[in-house]
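Step one of this worksheet: look at the structure below.
The values are calculated or read from the model by the stated rules, or taken from the named source; none is laboratory data. What you see is a predicted model; the values in this text were computed from it and never measured. Positions of Cβ are backbone-derived with ideal geometry, glycine not excepted, and every protein chain shown enters the neighbour counts.
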């Protein structure tokens, strides 16, 4: 019996195959941030778009889909937090980065935007003899150009958006096969997409840094107050403040930790794709990897710095809170000790009082017993039963009565003490 996930894991490595691209070609690539509900809507809209044009729609649950409409090709891909649409058009007769034709513009805008727009790429695949210099196409201050794929092509870009909002990439085909061109195009699009996704962590880092600094300053103040404050009330107040700061830090760290994890993952993907395209210097211009190392690496270090500061701050807060809890516990134990000592003293006094009361009760009971005995002796004397003097007999009975009453009281006390234990 096959494992229920066997088909899934076998097909995963083939889920996003490279598709051959002929030269010349023009690729318009878009990426939108989407959640689960937006992805479902986007898939339904794409299915309706395909059915309206007589094409086979994607199936429910598909994450990658490719469909042809005449001379154009649309690729749709759903990822964990974004969705991409990639249009491929033949580009014969077009100069590099001419405004998209009416057909291209209509096709690219035909599908509704599924979520916040993040990436727009205009990529041209042209023959090497297009006769246009890179300096006229791109901003020389940020121009990158390099041989790629074993010097089978030259890729150039300045990573700046044009008036239409597209980041332009030029791929000059020196000796690419359509299959190699398709693989290279997909990797270049992924570099730009993952680059922007990775950089999403930078503005969030910059927004959180002042809040982290404020908490750090307050922690230092609380630590200073800890050396000056004594007593349960002061410690409880400081402990409450530390707990509040720790809760605030955790609340702001929870979404940031996801963003930081995604930032690191996307940055690694960018580095992997840069290795995959196999860059080499061209005509003295910096490579894409060199350019991004100077521009992108500081942003990644900022995110790493914030993550490290948050972790250190959380540890400081926990240590300070634990120290205060220890002080509170010690103070409570001291108060408990004093309370137990006071209770012991009260118990000792109660025991003395009880012993005094028992002595008085023995005397009182003995007095009543002797009184009753005196009446009995007098009656017996008057009745002629005994001839002894009543006063002498009563006096002789007093110690007997006292001893008997004392023994009875002690026995009752011992029985109560045994029952309590």
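For residues in region 133-153 being part of a strand (DSSP E or B) and in contact with a helix residue (DSSP H, G or I) (Cβ under 9 Å, 6 or more places away or on another chain), which is surrounded by the fewest Cβ atoms within 10 Å (Cβ to Cβ)? Please lay out each step first, then the result.
Taking region 133-153 and keeping what is part of a strand (DSSP E or B), we get 144-148, 153.
This time we only want the ones that are in contact with a helix residue (DSSP H, G or I) (Cβ under 9 Å, 6 or more places away or on another chain), so: 144-146, 148, 153.
Values: 144: 22, 145: 24, 146: 25, 148: 25, 153: 24.
The qualifying residue surrounded by the fewest Cβ atoms within 10 Å (Cβ to Cβ) is 144.
Scan region 49-59 and give yes if some residue there is under 32 Å from the mean Cα position of the chain (by Cα) and at negative phi, otherwise no.
Within region 49-59, the subset under 32 Å from the mean Cα position of the chain (by Cα) is none.
No, every residue in region 49-59 fails to be under 32 Å from the mean Cα position of the chain (by Cα) and at negative phi.
Can you find, within region 72-100, the residue that is modelled with the highest pLDDT among those that are surrounded by fewer than 14 Cβ atoms within 10 Å (Cβ to Cβ) and over 27 Å from the mean Cα position of the chain (by Cα)?
Of region 72-100, the ones surrounded by fewer than 14 Cβ atoms within 10 Å (Cβ to Cβ) are 80, 92-93, 95, 98-99.
Narrowing the set further to residues that are over 27 Å from the mean Cα position of the chain (by Cα) leaves 92-93, 95, 98-99.
Numbers: 92: 66, 93: 61, 95: 68, 98: 73, 99: 70.
Among them, the one singled out is 98.
One residue is enough: does region 243-258 have a residue meeting the conditions modelled with pLDDT of 75 or more, in a helix (DSSP H, G or I) and surrounded by 18 or more Cβ atoms within 10 Å (Cβ to Cβ)?
yes
Please go through region 25-40 and give me each residue that is out of contact with any strand residue (DSSP E or B) (no Cβ under 6 Å at 6 or more places or on another chain) and surrounded by 15 or more Cβ atoms within 10 Å (Cβ to Cβ), ordered by number. Break it down stepwise before answering.
Restricting attention to region 25-40, the residues satisfying the condition of being out of contact with any strand residue (DSSP E or B) (no Cβ under 6 Å at 6 or more places or on another chain) are 35-38, 40.
Hit for region 25-40 is 38, nothing else.
Rundown of residues vs (1) modelled with pLDDT of 75 or more; (2) in the same structural domain as residue 243 (by TED's automatic domain parsing); (3) closer than 30 Å to residue 258 by Cβ, yes/no style:
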{"residue": "282", "(1), (2), (3)": "yes, yes, no"}
{"residue": "297", "(1), (2), (3)": "yes, yes, yes"}
{"residue": "301", "(1), (2), (3)": "yes, yes, yes"}
{"residue": "343", "(1), (2), (3)": "yes, no, no"}
{"residue": "356", "(1), (2), (3)": "no, no, no"}
{"residue": "375", "(1), (2), (3)": "yes, no, no"}
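Hey, any hits in region 314-321 for a residue that's surrounded by 11 or more Cβ atoms within 10 Å (Cβ to Cβ), in contact with a helix residue (DSSP H, G or I) (Cβ under 7 Å, 6 or more places away or on another chain), modelled with pLDDT under 80 and more than 30 Å from residue 209 (Cβ to Cβ)?
Among the residues of region 314-321, not one is surrounded by 11 or more Cβ atoms within 10 Å (Cβ to Cβ), in contact with a helix residue (DSSP H, G or I) (Cβ under 7 Å, 6 or more places away or on another chain), modelled with pLDDT under 80 and more than 30 Å from residue 209 (Cβ to Cβ), which makes the answer no.
Count, please, the residues in region 193-218 that happen to be surrounded by 23 or more Cβ atoms within 10 Å (Cβ to Cβ) and in contact with a strand residue (DSSP E or B) (Cβ under 6 Å, 6 or more places away or on another chain).
Residues that pass the stated criteria total 1.
Looking at 130, 62, which one is over 21 Å from residue 163 (Cβ atoms), assigned to a loop (DSSP other than H, G, I, E, B), more than 34 Å from the chain's Cα centre (by Cα) and modelled with pLDDT under 85? Please lay out each step first, then the result.
Values: 62 fails: more than 34 Å from the chain's Cα centre (by Cα).
Only one candidate passes the filter, namely 130.
Which of the residues that make up region 101-127 are at pLDDT below 75 and in a helix (DSSP H, G or I)?
Of all residues in region 101-127, those at pLDDT below 75 come to 101-108.
If the condition is that a residue be at pLDDT below 75 and in a helix (DSSP H, G or I), then 102, 103, 104, 105, 106, 107, 108 are the ones that fit.
One residue is enough: does region 300-322 have a residue meeting the conditions under 20 Å from residue 151 (Cα atoms) and part of a helix (DSSP H, G or I)?
From region 300-322, those under 20 Å from residue 151 (Cα atoms) are none; that's our starting set.
Within region 300-322, not a single residue is under 20 Å from residue 151 (Cα atoms) and part of a helix (DSSP H, G or I).
In this structure, is residue 164 modelled with pLDDT under 90, within 39 Å of the chain's Cα centre (by Cα) and not assigned by TED's automatic domain parsing to the domain that holds residue 310? Give the steps one after another, and end with the answer.
Working: modelled with pLDDT under 90: yes; within 39 Å of the chain's Cα centre (by Cα): yes; not assigned by TED's automatic domain parsing to the domain that holds residue 310: yes.
Taking the combined requirement at face value, the residue satisfies it.
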